[in-house]
Amino acid sequence: MKKNSILDDIKDVFIVIWRGLKNSVFRGFFGRSKELSILEEEAVQSPLKVSIKKFFKKKLAIVGLIMFIFVFSFCFIGSIFVKEDIYYINKSQSNTSPGFGLMNAPSQLLKNGIKDMAVAATSSMAIDKQNNVYIWGIDINNIIEAFPQGKVNEAKRGKQLTVGLKAERIWSGNTHYIIEKTNGELVSFGRATDTLSFKLTTIPTDLMVKGMGIVNVQQAIKDDGGVLTVVGGNQLTLVITNKNRVFYWGNTVAHNYNLIEELKDLTPVNAGFSRRNLTFLLDDGTIKVVGTGALEVPLSMKAEWEQETQNVKQLVTTAGSAVVLREDGTIFVWGDNLSKEKEFDPSIQGRIVSLATSAIGTDNYQHLSAILDDGSIYSWGSNKHDAATVPDNLTVSNAGAYAVYTGFFSNYAVDSNGNLIGKWGLNGYLFGTDEYGRDVFERVMNGGRISLTIGLVAVLISTGIGIIVGGVAGFYGKKVDIILMRMAEIVSSIPFLPLAMTFSAILNKSRPDLTTTQRMFIIMVILGVLSWPGLARLIRAQILSEREKEFVIAAKALGVKSRAIIFRHIIPNVLTIIIINATLGYAGSLLTESALSFLGFGVQLPAPSWGNMLTGAQDMNVIRNFWWRWVFPSIFLCIATISINIIGDSIRDAVDPRSREK
C-alpha cells in the first residue's frame, strides 16, 4: 500500500475544509442533516478529517474563517481590479472625508434652473434663475461666508447659502469661490484653513500692486464699472475690471509679476493660472504669456506659436498646459502637463463651439471638455475617476448641451433652459482621502495585500526553518540537539524590534535606492529568520516522543534514510501542531510588520501598508479631525489578526483530545 506524502495530506485537508465550509453554510440555511454516530464517524474518517469536521462545528471558527476569507479576498482579488498609482498626488483632494454626494445638486436649484455654476475641488456652487446661491459637496461645513464683510455663517448642505443673497455670476478656485452680487459687488467664500491666511475670503482694500502701490480693489472695481471676469486658481484670485485693469491676490509666491509693465499697451479680456505662468487672452484675439514656467514659448518656436494663437476666442489653462479655441472651431495646445490618457480626436477640429473651464492648480490628472456644433460633448485628457467618460446620451447629435462646468474630476452639463442634462466623474470617496489626496480605500486594499504577503511569507520562512531545526534536533539528539537548541536560545534572546529598527536605519542610509519589492523581501527575511525558535522547540519536543514509536523503529530496520524518516514519516504526524503554530505565528508576523511600518522602519512611503498608514495616528490633529485616515486601516488590521487567532485557537481545540466531548 502506497504511503501518502505531505502534499497528499495537504490536498486532503483542503478538500475536507471545502466540504466542511460548504456543509456548515448548508446547515445554516437548511438545518442539520442526519449525523453519523461516534463509531460510524471514526470508522469512515481519519483523525485529521474528524478534527476538521469538529472545527467546522464551531460557530466562532466559521465566523473567523469567513472574516479572514473576506479580508484576504478584499486585498488580493480586489487589488487586481482596483489599481493604485502610489506616486499619485492631488493636494486639492487632501483629507476629504468619506461619503458620496459630491455631485448631488440641490433639488430646489434643479427646479428653478441653473443660471451659472462653479466647481471646486470637493464642492460646487451654483446660482439659479432667481439669483439664489446654493452649495453642495463634501466637507462644506468648513466653507465660510464673507457676506456681509467679516461675518461668518455655517453653510448648510443643499440649502441657499444666505437667504437674501442674490448673485449674477460665480467663479471658483481650488478651494474658494467668488460671487458677483446683483449690484455688481464681489464677495468671496472658501475653505477656512486654506483661504484665511491668504485673505481669499475678502476682496482686499490694501493690496500691494507692483508699479501702483497700495490699491483698494473694492473701490477700483466700482470705479471701473464692475468686473469683466474673475479667474480662480490654487489659493489665488484674479480680477479683470470692465476697464481691463488686472488685480490678483492670494498665495503669489510663484506668480509675483509686475503686470503694469507686462501688460503695458495691452488689453486683457481673460486669463488663466498655471504653475508658474499667467496667460492672458487679449482683445485682439492673441495670447500673452507672463512668467517662466512650462507655458513660456522658446524663441525657436515663437513664430510658429504666434501664428497658431491668432483669432482666439477662448482660453483655458491647466497646471502645465494651455488650450486656445479659435474662431474657426479648432484648438491649439501647448505646455507639458496635459494628460494623454485619453487622446484628443483630431476629427472634431473645426466643430468645437466652446470649451469648459478646466480645473486650475497643481494636479497632473486633468481633463478638458468641449461642446460640439451638434450639441454633443467630447472630453479628453486624464480619465481618473472617469472624469473624461461622458455619458452616452451626451455624446450623440442633438444632445442639447449649452454649457459644461468642470472641476478636477466632476462634470455637469446644462441645456439652454438651465436644466441639468448630465453629470459624470467623481461623486465621493468610500473611505475618504489622506493628506496627499490619495484614496484611502485603494490604499487599504493595496496596503493590505502587502502586509498580508509579508506576514505570510515570513511565517513560511520561520516555519520552514523551525521544521528543519526542530526535526533534526529532536531526531538525532545528543550534541546536534545541544548545538541547535543553543542557537535557538541565542536567536530568542535577540531583541527583535530594536534590531529590526537598527538594521532598517542602516539600510536606509547605505542603500536608499532600494525598491519597494527589495525592501519587502528584506523585511520578510528578517521576520522569518528571527521567528523560528518557538516552533523549533515545539517540533523537537514532539519528535522526541514520536521517534521511539514502532513505525520509526521499523523504518530504521528497513534501512530508510534518516532524512526520509524525519520528513516523510515523523513530520506528517505532527502536521496539525505545525499548522496551529504557523496560523498563530501569521497573526504575530502581521502585527510585527505593521509595528515596524508604523514606526517608519518597515514598508516605506509612498508604497502603502496597514502599518505605515497608521503613522498619521501619531498626530493628534489627525486623530481628532481626520479619523478615517487611521480608523479604516486599523479595522482591517484588527479583523485580520483577530480572525487568524480565532482560526488558530479553533484548530487547536479541534485537535486536542481533551476537548472532544460530544
Subject >> Residue count for the stretch 48-64, restricted to those that are open to solvent by 40 Å² or more (accessible area, probe 1.4 Å) and in contact (Cβ under 8 Å) with a residue 40 or more places away in the chain >> reply: 5
Original post:
Within the stretch 432-480, how many residues are over 14 Å from the mean Cα position of the chain (by Cα), touching a residue at least 40 places away in the same chain (Cβ under 8 Å) and at positive phi?
Top reply: 1
**OP:** Residues being in contact (Cβ under 8 Å) with a residue 40 or more places away in the chain and assigned to a helix (DSSP H, G or I): count how many of those fall in the stretch 598-621.
**Re:** 5
**OP:** List every residue pair whose Cβ atoms lie under 7 Å apart, where the two residues are 6 or more positions apart in sequence or sit on different chains, the first residue falls within the stretch 105-120 and is open to solvent by 30 Å² or more (accessible area, probe 1.4 Å), and the second residue, located anywhere, is modelled with pLDDT of 90 or more and of a type in the set (S, T, N, Q).
**Re:** ASN112/GLN130
Original post:
If you take the residues of the stretch 334-380 that are of a type in the set (Val, Ile, Thr) and open to solvent by less than 60 Å² (accessible area, probe 1.4 Å), which of them is modelled with the lowest pLDDT?
Top reply: ILE360
**OP:** Please verify whether the stretch 436-449 includes one or more residues that are in a helix (DSSP H, G or I), in contact with a Leu (Cβ under 8 Å, 6 or more places away or on another chain) and open to solvent by 10 Å² or more (accessible area, probe 1.4 Å).
**Re:** yes
Original post:
Filtering the stretch 498-507 down to residues that are open to solvent by 50 Å² or more (accessible area, probe 1.4 Å) and of a type outside the set (Phe, Trp, Tyr), which residue is nearest to ILE461 (Cα to Cα)?
Top reply: LEU499
Original post:
Within the stretch 491-544, can you find the residues that are without any contact (Cβ under 8 Å) to a residue 40 or more places away in the chain, over 24 Å from ILE450 (Cα atoms) and among the hydrophobic types (A, V, I, L, M, F, W, C)?
Top reply: ILE494
**OP:** Take the stretch 531-560 and flag every residue that is under 57 Å from the mean Cα position of the chain (by Cα) and open to solvent by less than 40 Å² (accessible area, probe 1.4 Å).
**Re:** TRP532, PRO533, LEU535, ALA536, ILE539, ILE543, GLU546, VAL552
**OP:** Could you please find all residues in the stretch 88-104 being open to solvent by 10 Å² or more (accessible area, probe 1.4 Å) and at positive phi?
**Re:** ASN95, GLY99
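Given the structure, is ASN242 within 21 Å of ASN216 (Cα to Cα) and in contact with an Asp or Glu (Cβ under 8 Å, 6 or more places away or on another chain)?
For ASN242, the condition - within 21 Å of ASN216 (Cα to Cα) and in contact with an Asp or Glu (Cβ under 8 Å, 6 or more places away or on another chain) - is met.
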**OP:** Name the single residue, out of those in the stretch 508-519 being not in a loop (DSSP other than H, G, I, E, B) and not small (Gly, Ala, Ser), that is surrounded by the fewest Cβ atoms within 10 Å (Cβ to Cβ).
**Re:** LYS509
**OP:** Being β-branched (Val, Ile, Thr) and surrounded by 17 or more Cβ atoms within 10 Å (Cβ to Cβ) is the filter here, so list the residues in the stretch 65-74 that pass it.
**Re:** VAL71
Original post:
If you check every pair at least six apart or on different chains, which have Cβ atoms under 6 Å apart with a residue in the stretch 196-216 that is assigned to a loop (DSSP other than H, G, I, E, B) first and a residue that is of a type in the set (Gly, Ala, Ser) and at pLDDT 85 or above second?
Top reply: LEU200/GLY250
Original post:
Are there any pairs with C-beta distances below 8 angstrom linking a residue in the stretch 304-316 that is within 25 Å of VAL404 (Cα to Cα) to a residue that is open to solvent by 60 Å² or more (accessible area, probe 1.4 Å) and not charged (D, E, K, R), with the two at least 6 apart or on different chains, and if so which?
Top reply: VAL316/THR357
Original post:
Tell me, which residue of the stretch 463-497 that is part of a helix (DSSP H, G or I) and open to solvent by less than 10 Å² (accessible area, probe 1.4 Å) is nearest to PRO633 (Cα to Cα)?
Top reply: GLY466
**OP:** May I ask you to verify whether ASN419 is modelled with pLDDT of 90 or more, touching a Gly at 6+ places or on another chain (Cβ under 7 Å) and over 23 Å from LEU614 (Cβ atoms)?
**Re:** yes
Original post:
Just one of LYS302, LYS313 is at pLDDT 90 or above and not in a loop (DSSP other than H, G, I, E, B); which is it?
Top reply: LYS313
Subject >> Criterion: under 26 Å from the mean Cα position of the chain (by Cα) and open to solvent by less than 30 Å² (accessible area, probe 1.4 Å) - qualifying residue of ILE77, ILE138 >> reply: ILE138
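The values are calculated or read from the model by the stated rules, or taken from the named source; none is laboratory data. Owing to the predicted nature of the structure, the values given are computational and were not obtained by experimental measurement. All Cβ positions, glycine included, derive from the backbone under ideal geometry; neighbour counts span all protein chains shown. Ligands, DNA and RNA are stripped out before the accessible areas are found, and what is left, the full protein with its side chains, is counted by its heavy atoms. Shrake-Rupley method; radii C 1.70, N 1.55, O 1.52, S 1.80 Å.
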